[in-house]
Amino acid sequence: RLRMEFASWVARARTPTERIDAIRSLQRAAPEIVAARFALEDDGSFLLDT
């Protein structure tokens, strides 16, 4: 699995602030099963399957 560090990920993608806020909102509202599957971290970082 690949760890995506949130801050550097959105910086590389040049993600606009409003989109970053939307992603973080979705992460915070994610059901526990989703949060566990992606190993969501407090800073927004997560794991992807490779």
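Some observations on this one:
- Being of a type in the set (F, W, Y) and without any contact (Cβ under 8 Å) to a residue 12 or more places away in the chain is true of F38.
- Positions within the range 14-50 being β-branched (V, I, T) and either surrounded by 11 or more Cβ atoms within 10 Å (Cβ to Cβ) or not in a helix (DSSP H, G or I) (or both), in sequence order: T15, I20, I23, V34, T50
Coordinate-derived values only; no laboratory data. Because the structure is a prediction, the values reported are computed rather than measured. Counting neighbours? That spans all protein chains shown, and the Cβs are built from the backbone with ideal geometry, glycine included.
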